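K.L.:
Quick one: structure below, then a few questions.
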Amino acid sequence: MNSLDAICRVNARDCLIQDKTVIFLVPEKHMRLAIGKNGVTIDKVRKTLNKNVELFEYCEKPEEFFSKAFHKATIDNVEIRRAEEKNVAIIRTGSNDKKVILHNLKRLGKIKELAKRNYDIDEVRIR
């Protein structure tokens, strides 16, 4: 997190390290600053850390977080429910977009982990 702050002047809200990838959760108002013009700033972070770097936008509402995190799919609705003493996010989308989401299970796992750590979401269901 210090590298992102030093290079981009952006304070990440959260950071995950998985294998050779570092995932930062960046406040939505600082996302452009973190990426930089033509991705120059985030490339500096990649070179400094010598790892792949992914950025996700932190939003105040978890529904907005999911919509932005699944940016390649059109999300029809996000519903947060309490079920069996768990907070469950139900993501509703069309069948083609569901395939897009489920095609990349590693990304889905990252989104689930960020949701658990930052929004107290125990389970994510794609419907």
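K.L.:
Less than 16 Å from a label point 7 Å out along the Cα-to-Cβ axis of K29: which backbone N atoms in the stretch 1-22 qualify, by residue?
P.N.:
9-13
K.L.:
Per DSSP H run of at least 4 residues, take -39500 (n - 2.57); add these up for the chain, divide by its residues and hand me the 222 nm value, nearest 500 deg cm²/dmol.
P.N.:
Here the helix-only value at 222 nm equals -12000 deg cm²/dmol.
K.L.:
Please state the relative contact order of the chain as a whole percent: Cα pairs under 8 Å, 6+ residues apart? Walk me through the numbers on the way to the answer.
P.N.:
Values: 193 pairs, mean separation 23.0, N = 127.
It comes to 18 percent, rounded to a whole number.
K.L.:
By its C-alpha gyration tensor, with a ≥ b ≥ c as the square roots of the eigenvalues, how is the stretch 2-58 shaped: rounded for a/c under 1.5, else prolate for a/b larger than b/c, else oblate?
P.N.:
On the way: a/c = 1.62, a/b = 1.14, b/c = 1.43.
Here the stretch 2-58 falls in the oblate category.
K.L.:
Placing unit charges on C-beta atoms (Lys and Arg positive, Asp and Glu negative, everything else neutral), compute the dipole magnitude of the chain about its Cα centre in debye, rounded to 20. Before the final figure, lay out each step's value.
P.N.:
Numbers: 27 positive and 19 negative charges, 103 e Å.
Using Cβ point charges on Lys, Arg, Asp and Glu, the chain gives about 500 debye.
K.L.:
Here is a follow-up. Extending each Cα 7 Å along its Cβ direction at D5 and N104, get the distance between those two points in nm, one decimal.
P.N.:
2.9
K.L.:
Where a ≥ b ≥ c are the square roots of the eigenvalues of the C-alpha gyration tensor, would you call the stretch 62-126 rounded, which needs a/c under 1.5, or, failing that, prolate if a/b is larger than b/c, or oblate? Before the final figure, lay out the partial values.
P.N.:
Values: a/c = 1.80, a/b = 1.45, b/c = 1.24.
Note, shape of the stretch 62-126 comes out prolate.
K.L.:
Using Cα pairs closer than 8 Å and at least 6 residues apart in sequence, work out the relative contact order for the stretch 35-99, in percent.
P.N.:
Values: 56 pairs, mean separation 13.1, N = 65.
Averaging sequence separation for qualifying contacts and normalising by length gives 20 percent for the stretch 35-99.
K.L.:
Once a ≥ b ≥ c are taken as the square roots of the eigenvalues of the Cα gyration tensor of the stretch 1-102, is the result rounded (a/c under 1.5), prolate (a/b larger than b/c) or oblate (a/b not larger than b/c)? Display every interim value, and only then the final one.
P.N.:
Numbers: a/c = 2.15, a/b = 1.87, b/c = 1.15.
Taking the square roots of the gyration eigenvalues as a ≥ b ≥ c, the stretch 1-102 is prolate.
K.L.:
All other residues with a Cβ under 14 Å from the Cβ of A89 taken together, and with Lys, Arg as +1 and Asp, Glu as -1, what is their net charge?
P.N.:
Details: positive: K61, K68, R81, R82, K86, R92, K112, K116, R117, R125, R127; negative: E63, E64, D76, E79, E113, D120, D122, E123.
Summing Lys and Arg as +1 and Asp and Glu as -1 gives +3.
K.L.:
Same structure again: Tell me which GluC sites (Glu not before Pro) from the stretch 71-110 have a DSSP coil assignment and no more than 12 other beta carbons within 10 Å of their own. If you can, show how the numbers build up before the last one.
P.N.:
Working: sites: E79, E84, E85; in loops: E84, E85.
Passing sites in the stretch 71-110 are E84, E85.
K.L.:
Further, regarding this structure: Modelled label-to-label distance, R92 and R127, 7 Å Cα→beta-carbon offset: nm?
P.N.:
About 0.7 nm, to one decimal.
K.L.:
Under a plain spin-label model, where a point goes 7 Å from the Cα along Cα-to-Cβ, how far apart in nm are D19 and N118?
P.N.:
Simple spin-label model gives 2.2 nm for this pair.
K.L.:
Same structure, new question: What is the sum of charges around C59, taking Lys and Arg as +1, Asp and Glu as -1, for the other residues whose C-beta is under 11 Å from the C-beta of C59?
P.N.:
Numbers: positive: R13, K29, K61, K68; negative: E28, E57, E60, E63, E64.
Net charge in that neighbourhood comes out at -1.
K.L.:
If you don't mind, there's one more thing I want to ask. For the stretch 2-58, what relative contact order do you get, as a whole percent, if you take Cα pairs closer than 8 Å and at least 6 residues apart?
P.N.:
39
Coordinate-derived values only; no laboratory data. None of these values were measured; they are calculated from a predicted model. As a convention, Cβ positions derive from the backbone with ideal geometry for all residues, glycine included, and neighbour counts pool all protein chains shown.
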